[in-house]
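*Asks:* So that we are looking at the same thing, I have put the structure below in structure tokens.
What follows is calculated from the coordinates using simple rules that are stated; it is not laboratory data. Every value quoted in this text rests on a predicted model; they were computed, and no experiment measured them. Positions of Cβ are backbone-derived with ideal geometry, glycine not excepted, and every protein chain shown enters the neighbour counts.
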Amino acid sequence: MLGIKMLKIKGFRGYVDEKEFTFETPVIILFGENHRGKSSTLNAIEWCLFGKECIGRDTGIRERIDWEVRNRNLPLKDEVFVEIELKDENNDTFKIMRKWISKEKDELQITLPDGQLLTKEEAEKRLDQILKCSFRDFLTTVYQHQEAIRAILTQEPRDRNDAIDRLLGLSDYRNILSGINEAKIDEKQRKLNEKLEIFKGNIETALKTRQKDLEEKRKELINKGIKESFINENGAYEIAKIVKEALSQFASEIGLTLTDLPISENWKEIKEKFLDKVNKEITRFRSEMPDVKRQGELVKEKHKITSLQSILEIKNKKYQDAKKKIEEFIKDIGDEEKLNNTKSHIEKQIALKEKELKEINAKGKTISEAIEYLKLESIDKNICPVCEKETPDLLTHLEQEWNKKYKEQMGKIKDEREKLKKDLDNVEQRLKQLRELDKNKKTAENELKEIYKEIAAYLKREITEKDDPSTILAKHLNELDEEINKLKESIDSRQKKLDDIQEKAKELEQILEILNLEEKRKIVEEIKETPEYKKIEDLKDKMAELANELNKIKEAINQASHEEAKEKIIFACKKINELFCKITNNPAISKIELSVTPDSRTGRNNYEFKDQNGKDLTPILSQGDLNALALSIFLGLSSLNNQFGFLMLDDPSQSLGSAHKEKFVEILDDISAHRSIILSTMDKELQDLIVSKLTKAKTKYIFTNWTPTGGPEVRRE
């Protein structure tokens, strides 16, 4: 049996600073309130032994989902590790250390009794040999985790049966059966048979498809007039010679050289080396025939002539429009000479008005100054300041004359002058318009002359003012059309010859396709005779034999597991009944019956708990009784597994009354005689009972304050 001597923890779960625990006495008590680090201490032991196996959904423990190993407040530079010293029945000591590397990786090292250090995979392999126990076995026979224990009574029957199998030490049987089932031999055998049948069906389908394609293609060729005797390798060779001769004769007619076209008597080489070249030669002849090249040149020339016609029409229209606009302007308004004469006349009229205004302004200024003078104080209003002649009411007379004669007359002359200026502006605007029209006409005329030059250069002839370029272009275009039409007749005739040759080449291709299909059909027909196909048939038979043998093995394992379970239950049931009755003293339950029967579907062990009357226990149990029953099952069955010399109990007194606790402590006292106990609790009553009632030596670790940066404060008593 393996015992635990020492535990050292750094940075794991609730721990930050390094802490060390020694387990020198048969009973170790971890006491303190919730969230002080007690559970982290027990977790550290299982993590050191089993690593990632005790983390995640597969553990069956809800709180292990998204479990964090590294303490969140630990400095990044600090390492995380748990170290344990285990002692076996020979007093040999094994020092086991597991370091956290990342969320997905940890690193194990083991120091053997002789001082040899093992690491990584070698250490993992040796640890399995030392523990001889899986994590699930450890969880159900050594570590009393509340949720794991209660699962025996409350989870699905399949999982409950699995837990009890492990408590009984029958996990090897179940693991072998799980491995056989995970291999899914029956399913693989069924899939192999299905695939083989599908493969056979595919062969038959392929043969039918090939035959149908062959019949259709033969029929198509015969309908074209190809004799049945030609639809073979010799026929392909003869048609290839006909195609080559026709191409050679055609090349001679058009003055081109035929590429070398070797004809093999092997139909595959005809397909790969001859036929492809034939099609390329036909394509080359179609584009390189002299008549085709000449036709292309004429079409380009026709396009150029058409383009020149279009440009000529545009430029000529532009010139005619410009010419028409200037002619209409002169007709309606006049030419430049007329407009200049009108402008000169208006300018003279404006000059006369300016002179007249100047004369009136000179005389009017004298009268205006006399009026201002007479308005001064102490001035005789009847004496003229110019001639000093006395005139009655002189000021009034002068003001009336100024307003009537000079002011009105000047206003009229100014209006006449402004009208003349507007007329002058209008004439100048018309002159500007006339010059712009003349400029446009000259531009259009120059552009027309340029297109004349371009046409003359293209036609390589002179074009004078007496010529009509449009008619000349139309005539040349007609000549091109006549030549193009003559070439088309010649080209169509030769393209028809190439079409006939290509059709013959297509017939050759179809014969070659038939030969290819016949070869593929032959390959499919021969598949069943290949060594590979026969190996598949042999594999099918061997798979059937393997499935049959495995079913026999499963039956034997189930039978052995069932018989061993029955033997152990005879002892375990008595122990569970004794423990439960001692803890609860429930008057309604005088006896607990634990039975095992083979599952009708899987053949595996199926366990049931019943009272003395053969009825299901769980509906009549209180929460405390239920917990007591779970503890009784754990303690009763765990005694059957002697690999570990210690038990770990995490808060076992939940829902237990005082009387329950006293009896439970009495049971622990009996157990501590042959197995050490590590018990974590926040229950002071249970702790006091253990201290006062347990007869074995005890060590108590008190967990007090816990801080994020320091972890738990622990002192030993």
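*Asks:* Could you give the angle, 0 to 90 degrees to the nearest 10, between helix 658-671's Cα long axis and the longest principal axis of the Cα atoms of the chain?
*Replies:* 70 degrees
*Asks:* What's the angle, to the nearest 10 degrees (0 to 90), between helix 408-459's Cα axis and the longest principal axis of the chain?
*Replies:* Roughly 70 degrees, rounded to the nearest 10.
*Asks:* Another question, then. Among Leu437, Asn382, Leu394, which residue has its Cα positioned farthest towards the positive end of the charge dipole of the range 333-467, with +1 placed on the Cβ of Lys and Arg, -1 on the Cβ of Asp and Glu, and the dipole taken about the Cα centre?
*Replies:* Leu437
*Asks:* On to the next question. Measure nothing fancy, just the Cα-based angle from helix 336-374's long axis to the longest principal axis of the chain, in degrees from 0 to 90, nearest 10.
*Replies:* 90 degrees
*Asks:* Next up: What is the fewest-to-most order of Val80, Val427 by other Cβ atoms lying within 10 Å of their Cβ?
*Replies:* Val80, Val427
*Asks:* Given a cut-off of 18 Å, what percent of all Cα-Cα pairs of the range 333-467 lie beyond it?
*Replies:* In whole percent, the long-distance tail amounts to 72.
*Asks:* Let me ask another. Divide by every residue of the chain the summed helix terms, -39500 (n - 2.57) for each DSSP H run of at least 4, and state the resulting mean residue ellipticity at 222 nm, rounded to the nearest 500 deg cm²/dmol.
*Replies:* Computed mean residue ellipticity for the chain: -21500 deg cm²/dmol.
*Asks:* Also, quick follow-up: Greater than 21 Å separation of Cα atoms is the criterion. Which listed pairs, Lys87/Lys582; Lys208/Lys528; Lys19/Lys693, meet it?
*Replies:* Lys87/Lys582; Lys19/Lys693
*Asks:* In what sequence do Ser676, Ser39 fall when counting other Cβ within 10 Å, fewest first?
*Replies:* If I rank by nearby Cβ atoms, fewest first, I get Ser39, Ser676.
*Asks:* Within straight cross-link reach of Lys554, meaning Cα distance under 27 Å, which lysines are found once same-chain residues fewer than 8 apart are removed?
*Replies:* Qualifying lysines at Cα under 27 Å: Lys132, Lys184, Lys188, Lys191, Lys195, Lys540, Lys542, Lys566, Lys568.
*Asks:* Considering the options Asn341, Val278, Pro262, tell which one lies farthest towards the positive end of the dipole of the range 256-390, charges being +1 on Lys and Arg and -1 on Asp and Glu at the Cβ, about the Cα centre.
*Replies:* Ranked along the dipole, the leading option is Pro262.
*Asks:* Which residue, chosen from Thr366, Met6, Ile671, occupies the Cα position most advanced towards the positive end of the dipole of the chain, where the dipole is computed from +1 (Lys, Arg) and -1 (Asp, Glu) charges on Cβ about the Cα centre?
*Replies:* Thr366
*Asks:* If you place +1 on the Cβ of every Lys and Arg, -1 on the Cβ of every Asp and Glu, and leave all else neutral, what size is the dipole of the chain about its Cα centre, to the nearest 20 Debye?
*Replies:* Using Cβ point charges on Lys, Arg, Asp and Glu, the chain gives about 840 debye.
*Asks:* Now a separate question. Which of Ile180, Ile45 has the fewest other C-beta atoms within 10 Å, and how do the rest follow up to the most?
*Replies:* Ile180, Ile45
*Asks:* Note down the net charge around Asn440, summing +1 for each Lys or Arg and -1 for each Asp or Glu among other residues with Cβ under 14 Å from its Cβ.
*Replies:* +4
*Asks:* Right, another one. What's the center-to-center distance, using Cα atoms, between the range 622-682 and the range 405-434 in Å?
*Replies:* Taking the Cα centre of each part, the range 622-682 and the range 405-434 sit 129 Å apart.
*Asks:* Based on Cβ point charges of +1 for Lys and Arg and -1 for Asp and Glu, what charge dipole magnitude is obtained for the range 537-606 about its Cα centre, in debye rounded to the nearest 20?
*Replies:* 580 debye
*Asks:* What are the extents of the Cα atoms of the chain along their three principal axes, in Å, largest first?
*Replies:* Computed over the Cα atoms, the extents are 159, 131, 58 Å.
*Asks:* Shifting gears a bit: Identify all lysines with a Cα-Cα distance to Lys453 below 23 Å; exclude those on the same chain that are fewer than 8 residues away in sequence.
*Replies:* Lys300, Lys302, Lys304, Lys315, Lys317, Lys318, Lys323, Lys439, Lys441, Lys442, Lys466, Lys475
*Asks:* Can you spot the aspartates and glutamates whose alpha carbon is less than 14 Å from Lys5's alpha carbon? Ignore those fewer than 8 places along the same chain.
*Replies:* Glu20, Glu24, Glu83, Glu85, Asp88, Glu89, Asp92
*Asks:* Turning to a different aspect of this structure: Need the C-alpha centroid separation for the range 491-550 versus the range 174-218, integer Å.
*Replies:* Here the two parts' Cα centres lie 20 Å apart.
*Asks:* Separate question: Given charges of +1 on the Cβ of Lys and Arg and -1 on the Cβ of Asp and Glu, with all other atoms neutral, how large is the dipole of the range 340-467 about its Cα centre, in debye to the nearest 20?
*Replies:* Here the size comes out at about 660 debye.
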